[in-house]
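Asks: For reference, the structure I am asking about is given below.
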Amino acid sequence: MSAAIYEDKDIDPRPIAGKRVAVLGFGAQGRAHALNLRDSGQDVVVGLRAGSASADACRQHGLETVSLEKAAVSDLVVMLVPDSEQAALYENILASRMRKHSALVFAHGYNIHYRRLVPRKDLDVLLVAPLGIGEQVRLQYEAGLGVPALVGVHQDASGQARALAFAYAKVNGHGRAAVMETTFAEETETDLFAEQAVLCGGIDQLVISAFETLTEAGYSPDIAYFCCLHEVKLMADMLHRRGIAGTRQSISVAAEYGDYTRGPRVINEASRAAMRDLLAEIRDGRFADELDAEIEAGSPLIRRRRAAAESHDIEKVGAALRARMPWLQKKE
């Protein structure tokens, strides 16, 4: 069943009116949320650790900074510190200080869904998950637009949690695009699955395997890099703008025919079976448990695989080729 889509005209902002919002952290999402809320007329402060390097940046943007302890007594406390820091932050600072019926807001459901963080029962626990990086959340807001977002409720202690989640999404600019209702479980499980099967694990392995197939067959590594990695952006941009059917209308007949007849030989029933296995491990918590064990052990697999990936030929070839394309270098 398709999710209902809500826009600004459907959302009542009054549940959040006059409430103080404390944004914890000033990374990409923290910066976007704090500035958007302020520009929407919301009373907002940024909660930071003592000596945080972000304090100067907040002041330059005209934002008030407070200690995490002071932030904890706000009407809404927005968890925009890294997932790995949230449980300790809640237990050590927030749990004993947050007021009854105040709201704890998350941009990702991982810690709540897998019970790495268990909030007090007298708190509202909300999800407002932008479907875009922090930079875009801010840029689109400034342009009078917005990026879509997912909202959900884990706990409704006040009786107003759902209305408050939607109101938060509205003042952060998401109602200008689309706000869709979900659950912490659905947001977490679909996000992890997409990362593993497509956006990170899937595309990385597909690109590397294709590059290796061409170079092992004697083709130029430079040409293989351009064909199998560099041009991914061209297709991704078209898919983003036009969808799959629209993209197929824009490619050559040879490319379209190869898509229909060869694509299913690469991504086949064995691939789908592997995807179902990934999803099962996400849903039953095996992946989360495995990740916890990896981190507790000092991340040996991550460090080993990262080092191996950095020494792969595709990285050496790519670095040399990207150096010849200065427009690809991010301007700080």
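Just so it is clear, none of the values below were taken in a lab; they were calculated from the coordinates. Just so we're clear, the structure is a prediction, and the values are computed from it rather than from any experiment. Glycine gets a Cβ as well: all are built from the backbone with ideal geometry, and neighbour counts include every protein chain shown.
Asks: Kindly provide log₁₀ I(q)/I(0) values, in the same order as q = 0.13, 0.14 Å⁻¹, from the Debye equation applied to equal alpha-carbon scatterers of the chain.
Replies: Per q value, in the given order, log10 I(q)/I(0) is -1.15, -1.26.
Asks: Mind ordering 269-278, 164-173 by average Cβ neighbours within 10 Å, highest first? Walk me through the numbers on the way to the answer.
Replies: Details: 269-278: 11.6, 164-173: 26.3.
Highest to lowest by the protection proxy: 164-173, 269-278.
Asks: Hey, another quick one. Ordered by residue, what ³J(HN,Hα) values in Hz, to whole numbers, does region 202-214 give under the Karplus form 6.51 cos²θ - 1.76 cosθ + 1.60, where θ = phi - 60° and Gly and Pro are x?
Replies: x, 5, 4, 5, 5, 5, 5, 5, 5, 4, 5, 4, 5
Asks: Quick check on packing: order 24-36, 313-325, 87-99, 42-54 by the mean number of other C-beta atoms within 10 Å, highest mean leading.
Replies: 24-36, 42-54, 87-99, 313-325
Asks: Here's something else I'd like to know. Does anyone have the angle between helix 232-248 and the longest principal axis of the chain? Alpha-carbon axes, 0 to 90°, nearest 10?
Replies: Tilt of helix 232-248: around 90 degrees.
Asks: Return the equivalent ellipsoid semi-axes of region 5-183 as a descending list in whole Å, where each equals the square root of 5 times an eigenvalue of the C-alpha gyration tensor. Before the final figure, lay out each step's value.
Replies: Details: eigenvalues 94, 79, 42 Å².
Whole-Å semi-axes of the equivalent ellipsoid: 22, 20, 14.
Asks: A follow-up question, please. Under 8 Å for C-alpha pairs, at least 6 residues apart: give me the relative contact order for region 5-183, rounded to a whole percent.
Replies: 26 percent
Asks: With angles folded into 0 to 90 degrees, how steeply does helix 253-266 sit against the dominant principal axis of the chain? Use alpha carbons for both and round to 10.
Replies: 80 degrees
Asks: Kindly provide the helix-only [θ] at 222 nm of the chain, computed as the sum of -39,500 (n - 2.57) over DSSP H runs of four or more divided by all residues, to the nearest 500 deg cm²/dmol?
Replies: Mean residue ellipticity at 222 nm (helix-derived): -14500 deg cm²/dmol.
Asks: Here's another thing I want to ask about it. So what's the gap between the Cα centers of region 45-119 and region 151-202, to the nearest angstrom?
Replies: 18 Å
Asks: Listed here are the pairs Lys9/Lys121; Lys9/Lys70; Lys19/Lys121; Lys70/Lys121; which of them are more than 27 Å apart at the Cα?
Replies: Lys9/Lys121; Lys9/Lys70
Asks: Taking region 191-328, how much of its Cα-Cα pair set, in percent, is spaced more than 18 angstrom apart?
Replies: 69 percent
Asks: A further question on this structure: On a 0 to 90° scale, report how tilted helix 286-296 is relative to the longest principal axis of the chain, with both axes built from alpha carbons and the result rounded to the nearest 10.
Replies: 80 degrees
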